Structures are given as structure tokens and as C-alpha cells.
């Protein structure tokens, strides 16, 4: 639990720092990845944000060794509460009343997931069959890249409607979902007392290569999307897709059983489902600014 909450803090802080850094940079695009990397690597603020995100991935390794993958996703989703608060405080991204109610519901979902945990009965799997894992991951990667390219093509059309960032969030979320499964796989090999054996086992698995692909494409795609859209909108969409993808496909591929106790099972499923449902129902468009009412001048009698 402590590692999961620490990962939430690192992720939220990292995204906010990167967003602030990107706001000060010229417009970046996935069509010029070398220029994008040159610009972001020249920003100390962006580097600080990326280091925070990298530390969050390290904390995930601890989480996946101690918690079932579905339960971990329910806790990771709660980090969006901190993200929205930081976005409002540091980025000036205001939240609506509907969004604030959604944050309260996410906190309730987190409590339900926490109450469903039972250290004595929960099983944590360490490995997944490689053919099954690749069968699930490769289509997700292809769908994420295709969806992002489709959103980019629509954004280039003249007289287009302003982009909401939902398509970008879904696309990046699919890549990060695969990345999360790869981190889960790497955690199963982690043996601090046998570092050479750990490295040998990992390099023989598909996990480091999935991480390289998702890391390279996810970096370029997420930075271009984050610069164009509100962090408090695109990151919740991305996190929702990542959590849903990881919880469903991760439980299937790693063969982790859900709680046997009916009450704990209900809490686990209802908490995760509530978090996902709330995030999917959050507003996808910013409210249009209201026209300022003109003051009526009093005419002297």
C-alpha cells in the first residue's frame, strides 16, 4: 500500500512538472521526434518530471510483487485525485463541480478496493505464458499507434473542431497498459540476492523489449498530447484505459484469482468498476466561457 501511494505521488508530480515544462517550449509534434527530444532534454523542469515518473515505475515493481494486479490498479487510479489538485494549484486548470464530485467517488472506490485486500488469501502471480501475453499485447500496441495517428490526421484538417484529448489519452493509455504488464513481468524475476540471474532471466523474456517499445513511442506521443490538452483531462483518460487494460488482461494472462469471499469479491469488483465508470463519465469538453453581462447604466431622471 505504501509503495502504491508513493507511486501515485510520483506519477502526479511528474506529469504536472512535465506539463509546466512543455508550456514553456515551442510546439512539439510526433512527426519530428528528434526535435521533440532535443527540446525536452534541454529543460531541467521536464527532466525533473521524467525522473519522478521513472521513480514511480520503480515503485510499481514493489507493488506488483505484493499486491494482486487488479487490486493494484484500483489504488493507482486514486492518484488522479492528487493530479487534479496539483493541476488546479500549479497549472491553473480549474475543476468543475461535476469533476469534484467524481473525485469524491474515486476516493470511495479506493476505500472499497483497500477493504477487499486480504494478505492471508490473496495470491500474487509471478509469471505469464509468453505466447498468451504477446497475443494480448501486440494488438493493443497496434491499436494505440493507429488511434493516435488517426487523431493526428483529424487535427490537421481545416475547420476542425477543437480536440478534447480523449483520443490521445486512449491511445497512450493502451501503450502504458502494455508497459504496466511488462513491469509486472519484470517484478516476477526480481531477486536482489542474484542480480546476474535476474538480468539473464529478464533479457530472455519479452518484457524489456515491450518496455523499450512502449517507452520510446509513449514518450513522444504523450509529450505532444500533454502539450496540447489539459493534464487534468488527458491524464485521467489515459490512466483509466491503462488501469482497465492492465486489470483485465493482466488478471487473464498472469492467472491471478479474484477473492473467494463474496463480500471481498464484491468490494474488489465494485470499487474498480466505480473508479472506471466515474472517470469515463467525467466531462470530455471544457465549458465554454460565459459572456460577461453588460452593466446597465442608470439614466438620471
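Could you sort 210-223, 68-81 so that the peptide with the highest average Cβ count within 10 Å comes first and the rest follow in order? Mind dumping the intermediate values first?
Numbers: 210-223: 20.2, 68-81: 25.0.
Peptide ranking by packing, descending: 68-81, 210-223.
One chain, two ends: residue 111 and residue 98. Fully extended at 0.36 nm per residue, the span grows by 2.6 nm beyond their Cα-Cα distance.
Full extension of the chain segment joining residue 212 with residue 34 gains 62.4 nm, where the gain is 0.36 nm per residue of separation less the Cα-Cα distance.
Compare the peptides 235-243, 183-191, 100-108 by average per-residue count of other Cβ atoms within 10 angstrom and give them in order, highest first.
Working: 235-243: 25.7, 183-191: 19.8, 100-108: 15.8.
Packing order, densest peptide first, comes out as 235-243, 183-191, 100-108.
Label sites at residue 130 and residue 65, each approximated as a point 7 angstrom past Cα along Cα to Cβ, lie 2.3 nm apart.
Modelled spin-label separation between residue 194 and residue 270, with each label point placed 7 Å from Cα along the Cα-to-Cβ direction: 4.4 nm.
I'd like to compare 53-59, 170-176: which one has the highest average count of other Cβ atoms within 10 Å, and what's the full order after that?
Working: 53-59: 17.0, 170-176: 26.6.
Result, highest mean Cβ count within 10 Å first: 170-176, 53-59.
At what distance in nm do the modelled label points of residue 277 and residue 142 sit from each other, each positioned 7 Å from its Cα along Cα→Cβ? Here the modelled spin labels are 3.4 nm apart.
Bear in mind that the values in this text are calculations on the coordinates, not laboratory data. Keep in mind that this is a model prediction, so the values were computed, not measured. Virtual Cβ from ideal backbone geometry, glycine too; neighbours counted across all protein chains shown.
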